[in-house]
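Data block below; observations after.
All of the numbers you see were taken from the coordinates with simple rules; none came from a lab. Remember, predicted model here, so these are calculated numbers, not experimental data. Methodologically, a virtual Cβ is constructed for each residue, glycine included, from the backbone with ideal geometry; neighbour enumeration extends over all protein chains shown.
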Amino acid sequence: MTKPRRNQLIAIASLAVGLALLYQPNSTLLKGVALPLLVISAILSAISFSNKRITEVIAGLGLIVGVGFLYLPVPPVLRGSAFHLLSASAIAFGMTTTRKRLAEIMAALIVITGLAFLYQPVNALLQGTGLHLILTGMIALAIVSPRKLLIERVSIGAIAIGLVCLCQPFVILLYQTGFQILLGGLTGFIVVSHR
């Protein structure tokens, strides 16, 4: 068996097992195991399949389904899987898309939308999903952007801002959202420094 064929089989098996574990009721441990399996599947799918377009389309559908699970009235088990789907799909989409400039703009808009959702005071659902959008956008942005140094600096700045927000005692909203900013910056920095 050739190495690409073996990677393809591992990608498919990881996807199947990851999805099976993700939708087990009342099992946080299995959902925790599902995330690395889905990420492994996303990475191997992006590098081992010769037709990148199919992987890009499937990842794009995964992004749409993940956003749908966040905002549509779905059962809690589906809402709980949104982060897993968005993260794995963002990795696969970022690694396979040929429209880098458009993907970079869309990823930046997703990050900005996530930040806006964090700081809007009207809807608690939007505040709760802001982190999902920030992480998804930062993963995709760090993968597709040709401006590696800029993304590193923005990520380090977000880490610093998140730390300041967590340590300041004056504004409770900044304290409540500091961790999300810190985590978004850390995610972007880790992804961009390892690509």
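Quick notes on this structure:
- The stretch 1-98: equivalent-ellipsoid semi-axes (sqrt of 5 x gyration tensor eigenvalues, Cα, Å): 24, 16, 8
- Note on Leu149 and Leu109: the extension gain reaches 12.5 nm, defined as 0.36 nm multiplied by sequence separation minus the Cα-Cα distance.
- Dividing the Cα radius of gyration of the chain by its Kirkwood radius returns 0.99 for Rg/Rh.
- Taking the Kirkwood radius as Rh and the Cα radius of gyration as Rg, the stretch 131-188 has a ratio of Rg/Rh equal to 1.03.
- For the chain, relative contact order (Cα pairs under 8 Å, six or more residues apart, normalised by length) works out to 15 percent.
- Spatial separation of Cα centroids for the stretch 26-69 and the stretch 113-127, in angstrom: 26
- The value of relative contact order for the stretch 99-195, using C-alpha pairs under 8 Å at least six residues apart, is 28 percent.
- Estimated translational D of the stretch 1-54 in µm²/s (Stokes, Kirkwood radius over Cα pairs; 37 °C; 0.692 mPa s): 286
- On the basis of the beta-carbon distance and an R0 of 25 Å, Val17 and Ser193 show a calculated FRET efficiency of 0.30.
- Using the alpha-carbon positions of the stretch 66-159, Rg (one decimal) and Dmax (whole number) come out as 13.7, 41 Å.
- Take the Cα of Ser27, step 7 Å toward its Cβ, do the same at Ile64, and the gap between the two points is 3.0 nm.
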